[in-house]
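Notes follow the structure.
The values are calculated or read from the model by the stated rules, or taken from the named source; none is laboratory data. Predicted model only: the values in this text are computed from it and were never measured. Cβ atoms come from the backbone with ideal geometry, glycine included; neighbour counts cover every protein chain shown. What goes into the accessible areas is simple: the full protein's heavy atoms, side chains included, and nothing from ligands, DNA or RNA. Shrake-Rupley method; radii C 1.70, N 1.55, O 1.52, S 1.80 Å.
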Amino acid sequence: MTTSPISDDRGRAGSDLALIILLAAVTAIGPFSMHALSPALPEIASGFDVSAAAAQLMLSLSLVSMAVATLIWGPVSDRLGRRPVLIAGLILAVAGSVMAAIAPDLIVAVIGRLLQAAGGAAGMVLARAVAQDVFGSERSAGVIGQITAVMVVAPMLAPAVAGVVVEYGGWRGVFWMTAMISALLVIWSRVSMPETAPAGGGGRGLGDMLRGFVRIGGRRAFWRYAGYASFGLSSFYYFVAIAPYVMRDAFGQGPAAYGFYLGIIYDSAQKGLTP
């Protein structure tokens, strides 16, 4: 029995769509967990009896964790493979989420959030790498565009969902929620994610990575774009860090209301921050 070309094309299209949906999902967990934290910040400060500035370390330090992890996951996956590194990153996100959820004090909660952020960054990095491996330089541009759209939508939804969770289940519920989502992504990736890394790791090592950093650092265009994004994002995250306290203390609004309004604001801010 032979298979028609049309059936093959439809099967390939269905397989490609399933992979794109998975890549979008693993990409979304990083920004989702980041922005789900914001409605919980006042409750975290109250729960641990610390200042607002201390509670905000969970946000500010996790940005550093995500930035550093972003530089590491790609080169590691070139050597060890996309699939195992992605799964390891998602498992790290699960572990960090659980640690933060059961933390007895702020220090443990911050460490858990750092691990969660580092693990979530794996999906953001490796989804693009897998897209380039599978779809090539031409088709991957469109696929990465679709994945990026999910990165815009996830932070819009995260505060609204997390606000309701905090309102009715407390701030620890936010981390249990992200732990469950990350665990589901681990299972999904183990079942459906193919290994796509080039054989032999593409010939790239630590030295190649460092030389690439030096070349990029020598380009003025890089610093212009990086500066634009950095100053824009820093002002936005400053707003995200203080807004839940303003909503609570000045306007008497709870986490659910704050999360709803932040989702609306985020849409406008994201458009303004896009170069």
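Things worth noting here:
- Positions within the range 165-179 being under 19 Å from residue 105 (Cα atoms) and open to solvent by 50 Å² or more (accessible area, probe 1.4 Å), in sequence order: 169, 172, 176
- Any hit, the range 95-102, residues being surrounded by 24 or more Cβ atoms within 10 Å (Cβ to Cβ) and within 18 Å of residue 184 (Cα to Cα): yes
- Only one entry of 158, 179 meets the criterion of being in a helix (DSSP H, G or I), at pLDDT 85 or above, closer than 21 Å to residue 40 by Cα and in contact with a His (Cβ under 8 Å, 6 or more places away or on another chain), and that entry is 158.
- Out of 106, 92, one residue alone is aliphatic (A, V, I, L, M) and within 15 Å of the chain's Cα centre (by Cα). It is 92.
- Test: residue 101 is touching a residue at least 60 places away in the same chain (Cβ under 8 Å) and of a type in the set (Gly, Ala, Ser): yes
- Picking from residues in the range 125-144 that are under 25 Å from residue 33 (Cβ atoms) and open to solvent by 40 Å² or more (accessible area, probe 1.4 Å), the one that is farthest from the chain's Cα centre (by Cα) is 132.
- Hey, residue 16 modelled with pLDDT under 90 and surrounded by fewer than 18 Cβ atoms within 10 Å (Cβ to Cβ) or not: yes
- Scanning the range 157-197 for residues that are in contact with an Asp or Glu (Cβ under 6 Å, 6 or more places away or on another chain) and under 18 Å from residue 27 (Cα atoms) turns up just one, 196.
- Condition met for residue 110 (of a type in the set (Val, Ile, Thr), open to solvent by less than 40 Å² (accessible area, probe 1.4 Å) and either more than 29 Å from residue 15 (Cα to Cα) or in contact (Cβ under 8 Å) with a residue 40 or more places away in the chain (or both)): yes
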